[in-house]
Amino acid sequence: DGQSARSFLVGEKVILRCSMDFYKDMENPTVGILLRDRMGNDVYGTNTCHLGQWEMSVQNGNSFEVTFTLGLNIGPGNYSVCLAIHAGYFRLVENCDWWDQCLVFQVSAGEESPFVGVAALHTDVEVARKGKNERTS
């Protein structure tokens, strides 16, 4: 609903708004996010380059807001967000900023079927008896 929050339900859609100021000229800056679980394992990451939004130039003094909208199709637990800004496609070329654990949030079970793991994958199941039509006890 546009309000700041730190607690969500499995599958809930969230918006991550990243505001940044540039203090030098830069060609093709890439802004990326990385979600990690409570043990520090990478759960999901993406960036503006992967999503086709990176071909631009910035000058000293420019300010930008990058908004990522994603569904939290992840398991219940505690997670953190890392934010990075670098030049071009590879994060090791000209890494301008890396903010580890810039946001910590919690995901709680919703109305989905119980599951185990960090991914909440939509699953359908069908069970059909094969062979003789006998009753089992």
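The values are calculated or read from the model by the stated rules, or taken from the named source; none is laboratory data. Everything numeric here is computed off the predicted structure, so don't read it as measured data. Don't worry about glycine lacking a Cβ; one is built from the backbone with ideal geometry, like all the others, and counts go over all protein chains shown. Areas reflect the complete protein model, heavy atoms only, side chains present, ligands, DNA and RNA absent. Shrake-Rupley method; radii C 1.70, N 1.55, O 1.52, S 1.80 Å.
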Subject >> trypsin sites (Lys or Arg not before Pro) lying in DSSP loop within region 30-137, provided at most 11 other Cβ fall within 10 Å >> reply: ARG38, ARG129, LYS130, LYS132, ARG135
Original post:
Where does the charge balance sit around SER108 when Lys and Arg score +1, Asp and Glu -1, over other residues with C-beta under 13 Å from its C-beta?
Top reply: -2
Original post:
For region 1-117, what is the convex hull volume of its Cα atoms per residue in Å³?
Top reply: 108 Å³
Subject >> ³J(HN,Hα), Karplus 6.51/-1.76/1.60, whole Hz, each residue of region 41-46, x for Gly, Pro >> reply: 6, 5, 9, 7, x, 7
Subject >> GLY11 long-range amide H proximity, modeled H, under 5 Å >> reply: LEU72, ASN73, ILE74
Original post:
Based on Cβ point charges of +1 for Lys and Arg and -1 for Asp and Glu, what charge dipole magnitude is obtained for the chain about its Cα centre, in debye rounded to the nearest 20?
Top reply: 680 debye
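Per residue, how much accessible area does the chain have with a 1.4 Å probe, in Å²?
Per-residue accessible area for the chain comes out at 73 Å².
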Original post:
Sorted by mean Cβ packing within 10 Å, highest first, what order do the peptides 111-123, 67-79 take?
Top reply: 67-79, 111-123
Original post:
How large is ³J(HN,Hα), in whole Hz, for each residue of region 69-75 in order, when computed from phi with the Karplus curve 6.51 cos²θ - 1.76 cosθ + 1.60 and θ = phi - 60°, using x for Gly and Pro?
Top reply: 10, 8, x, 7, 7, 10, x
**OP:** With the full set of protein chains in place, find how many percent of the accessible area of region 1-107 is carbon and sulfur; take the probe as 1.4 Å.
**Re:** 47 percent
Original post:
With Rg and the Kirkwood Rh both taken from Cα atoms, where does Rg over Rh land for region 29-92?
Top reply: 1.02
**OP:** Just name one of PRO114, VAL81, VAL58: the one whose Cα is farthest towards the positive end of the charge dipole of the chain (beta-carbon charges, Lys/Arg +1, Asp/Glu -1).
**Re:** PRO114
Subject >> Positive-pole candidate from LEU70, ALA5, MET39, dipole of the chain, charges at beta carbon >> reply: MET39
Original post:
Can you list residues whose amide H is under 5 Å from VAL43's amide H, if they're 5+ apart or on another chain and H is modeled 1.01 Å from N?
Top reply: LEU35, ARG36, ASP37
Original post:
For THR30, which sequence-distant residues (separation of 5 or more, or a different chain) have an amide H within less than 5 Å of its own amide H, given hydrogens modelled in the peptide plane?
Top reply: HIS86, ALA87, GLY88
**OP:** For region 3-16, take each phi angle, set θ = phi - 60°, evaluate the Karplus expression 6.51 cos²θ - 1.76 cosθ + 1.60, and give the result in whole Hz per residue in order, putting x for glycine and proline.
**Re:** 8, 5, 8, 10, 9, 9, 9, 3, x, 5, 7, 10, 10, 9
